[in-house]
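Reading through the structure tokens given below for one structure.
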């Protein structure tokens, strides 16, 4: 377990924390996300998300029977992204152990308290038309860069795309992606790129037609034929 100033794995596992949502049940186990306000800033952040899970695994060639914790895949994907300069939430600590016949895992990341997610409609609604357009183009550029780097997100919902609250017209928009449990490398045998775009398109309920065209225009670098092709596929 990488140290985060809270002790060893057992200390973090047993530490009383406030859940941000109901735990996920399935895969033969459970998984939860908790928020923790630090007594003093650490690693340039004042709060953390501490994710804990037990027997919540995916089948992998390295462990075809028992499987591996989904947080192990998420941590590896976050490190992969950071090594390539992709803007993602920063991991602070990761650990896994086997205890009493159960496999337990912890993943700690910085909290994005200075950001808002795209599913926070009231925050997006406060933006003017020009800044909203700039924001959408910035999001498209980040997603395109991720895809060109060879990774599909696998669960590209608006709630997994964060934008800094201080975004202003004429300045670069700081975008961060989270939740990489289902991310995987793109291969010629899958359709991960389109699935990401289709998921975002279907889940962006509040986006207007203008917003969607703006996104595709930025993602396709203005290639009109490619934009038309994607529109046709997304409308099916």
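Only one of 59, 2 is under 17 Å from residue 72 (Cα atoms), in a loop (DSSP other than H, G, I, E, B) and either in contact with a helix residue (DSSP H, G or I) (Cβ under 6 Å, 6 or more places away or on another chain) or modelled with pLDDT under 90 (or both); which?
2
Select, from 168, 233, 176, 202, the only residue that is surrounded by fewer than 17 Cβ atoms within 10 Å (Cβ to Cβ) and either out of contact with any helix residue (DSSP H, G or I) (no Cβ under 9 Å at 6 or more places or on another chain) or modelled with pLDDT of 95 or more (or both). Spell out how you get there, then give the answer.
Working: 168 fails: either out of contact with any helix residue (DSSP H, G or I) (no Cβ under 9 Å at 6 or more places or on another chain) or modelled with pLDDT of 95 or more (or both); 233 fails: either out of contact with any helix residue (DSSP H, G or I) (no Cβ under 9 Å at 6 or more places or on another chain) or modelled with pLDDT of 95 or more (or both); 176 fails: surrounded by fewer than 17 Cβ atoms within 10 Å (Cβ to Cβ).
Unique residue meeting the criteria: 202.
For (1) at pLDDT below 95; (2) in a strand (DSSP E or B); (3) outside the structural domain of residue 174 (by TED's automatic domain parsing); (4) closer than 30 Å to residue 207 by Cα, each residue gets a yes or a no:
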{"site": "46", "(1), (2), (3), (4)": "yes, yes, yes, no"}
{"site": "53", "(1), (2), (3), (4)": "no, yes, yes, no"}
{"site": "64", "(1), (2), (3), (4)": "yes, yes, yes, no"}
{"site": "74", "(1), (2), (3), (4)": "no, no, yes, yes"}
{"site": "78", "(1), (2), (3), (4)": "no, no, yes, yes"}
{"site": "82", "(1), (2), (3), (4)": "no, no, yes, yes"}
{"site": "85", "(1), (2), (3), (4)": "no, no, yes, yes"}
{"site": "93", "(1), (2), (3), (4)": "yes, yes, yes, no"}
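The values are calculated or read from the model by the stated rules, or taken from the named source; none is laboratory data. None of these values were measured; they are calculated from a predicted model. We place every Cβ from the backbone using ideal geometry, glycine too, and count neighbours over all the protein chains shown.
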